[in-house]
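Here is the structure we will look at, set down as structure tokens.
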Amino acid sequence: MEQQKNRVRAEVKLPLILIHTPFGLEFFDKVAKSRAAKVYADFNTYFMPIITALAIFLIIGSLMVLFANSAARQGVASVGPTANLLIPGLNPYLPITYGWAALVITIIIHEAGHGIVARVYNIRVDSTGIVLFLGIPIGAFVNIERDELNRATLRQKSAVLTAGPLNNMILAGVSLLALFAVVSTLTPLPPNPNAPQFGVMVVSVNPGSLAESIGMEPQSVIQSVDGHQVKALEDLGNLLRSNLGKTVDIMWIDKASNAVTKSVTLPSAVEPGKGILGVGVTVLSPDPQAVLDRYRGAFGQNPLALLLPPTMQQGAVPYSDLMAPKYESSVLGVAFAPIANMLFWLWFINFNVGIFNALPIGPLDGGQLYGSLIEKKAKSKALAKNANMLLTLVMVAIVAASILLPYVPF
């Protein structure tokens with residue numbers, strides 16, 4: 001079937017702007033004619049329920065942990081609700097460079113899956129495009145002709161809708177395997193004899209925090225508060241809490257090895273679970289070999305544990321900003337860290353986009369597929385509509401609970 005060749009045009013749906021383009025349509029046609037595309041379309045048909053089951057399992061699991069563990073609730077609450085957004089710049093733990101690069105690749109792979117499989121079944125693709133929110137690109141789309149998609153068989157529609165999430169899960173798996181290959185080449189470097197011998201390492205400084213106001217930066221080593229040495233993580237918290245409402249001197253070694261002392265007035269009280277300085281800290285010198293061994297072991301024992309970003313667990317990830325200078329790669333030398341970080345964010349973002357889109361929520365890929373399945377099985381359109389709406393509402397409620405629960409007082 002001949003593709004409709006649209007010119008570039010804008011569609012305004014405030015606060016969103018959709019830019020429709022013809023780019024990629026000929027590519028979809030060319031790939032769809034290949035034997036590999038036809039095999040893939042047949043192969044992927046039944047994978048959506050598997051991805052959906054994994055997504056629901058993870059969400060229910062996180063809810064159970066949050067219900068049972070107050071420390072987990074406090075930890076999630078301290079991160080803030082924006083950490084649930086896969087938007088670099090809004091999510092404080094999603095780096096701008098790696099985040100945007102991985103997000104763009106993720107969206108292209110996702111939408112290309114839909115477009116190519118649609119063309120395998122001669123379902124028209126009218127346009128491709130990007131989605132802008134307040135002028136910022138936040139997504140992309142493939143505009144498949146809805147009437148033709150609705151006239152397709154349920155099996156064909158399943159293949160088209162599954163292709164996006166499954167593409168993401170495949171790329172996530174490939175990226176994770178490549179990350180394991182990079183980490184497998186690492187060996188610890190000899191320790192730096194000039195490194196501070198005691199203190200706690202700052203791995204992050206929250207915007208607007210007391211630490212930021214006195215010029216403390218990541219990779220600083222806090223050594224004393226009010227003249228008392230800080231030798232362990234608990235020392236820092238105990239010294240700060242015992243001096244609430246007072247002005248104290250804090251001394252640290254900055255990343256250039258300079259000793260810095262600043263006076264700061266601590267708040268008279270802090271909310272439970274909230275920090276005082278507004279910093280993330282770790283032990284001064286995590287054993288590089290132990291960190292490497294634990295991280296390698298996670299690939300075989302529990303790969304889902306590797307979803308915790310290196311920006312949130314600096315002392316436990318060998319390619320984080322804190323730990324990367326302690327290793328070298330037998331293949332990549334000291335240049336391994338950017339490659340490892342890029343692979344991690346490809347794994348992380350593709351996995352999350354894949355499972356999210358498989359959820360049975362109305363406009364998502366999973367929601368559309370399960371809605372079609374309900375419509376086929378239901379005795380009337382009204383019953384199908386109501387059942388689909390109920391399924392969407394239940395799933396939205398579960399997702400909302402997993403996001404809001406940390407902020408609900410128990």
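Please treat every number below as a calculation from the coordinates, not as lab data. Given the structure is predicted, the values throughout are model-derived calculations rather than measurements. Cβ placement follows ideal geometry from the backbone for every residue including glycine, while neighbour counts extend to all protein chains displayed.
Things to note:
- Matching label, P(r) over Cα pairs in 10 Å bins from 0, in percent computed from the structure shown, candidates [x] 4, 18, 26, 24, 15, 9, 4, 0; [y] 4, 20, 32, 27, 12, 3, 0, 0, 0; [z] 4, 17, 18, 10, 5, 5, 8, 11, 11, 7, 4, 1, 0, 0: [x]
- Pairwise label distance in nanometres, Ala378 with Leu393, each label 7 Å out on the Cα-Cβ vector: 1.3 nm
- Local charge for Ala36 was computed over the other residues whose Cβ lies under 14 Å away, with Lys and Arg +1 and Asp and Glu -1, and equals +4.
- The radius of gyration of the Cα set in the stretch 1-111, together with its Dmax, comes out at 20.1, 59 angstrom.
- Inter-label distance, Leu332 to Asp226: 4.5 nm, where each label sits 7 Å from its Cα along the C-beta direction.
- Our analysis of the stretch 200-283 gives Rg over Rh at 0.91, with the two radii drawn from alpha carbon positions and Rh computed by the Kirkwood formula.
- Relative contact order [Cα under 8 Å, 6+ residues apart], the stretch 200-283, whole percent: 38 percent
- For the chain, adding -39500 (n - 2.57) for each run of n ≥ 4 DSSP H residues and dividing by the number of residues yields -15500 deg cm²/dmol at 222 nm.
- Take the Cβ atoms of Phe27 and Asn206, set R0 to 35 Å, and the FRET efficiency comes out at 0.20.
- GNM flexibility winner over the chain from Ala36, Ala181, Ala172 (Cα, springs under 10 Å): Ala36
- Ile214-Ile60 pseudo-label distance in nm [points 7 Å out on the Cα-to-Cβ vector]: 4.8 nm
- Principal-axis tilt of helix 336-357 within the chain, Cα atoms, nearest 10 degrees: 50 degrees
- Close amide H contacts of Gly280 (hydrogens built in the peptide plane, cut-off under 5 Å, sequence separation of 5 or more or a different chain): Val203, Ser204, Val205, Asn206.
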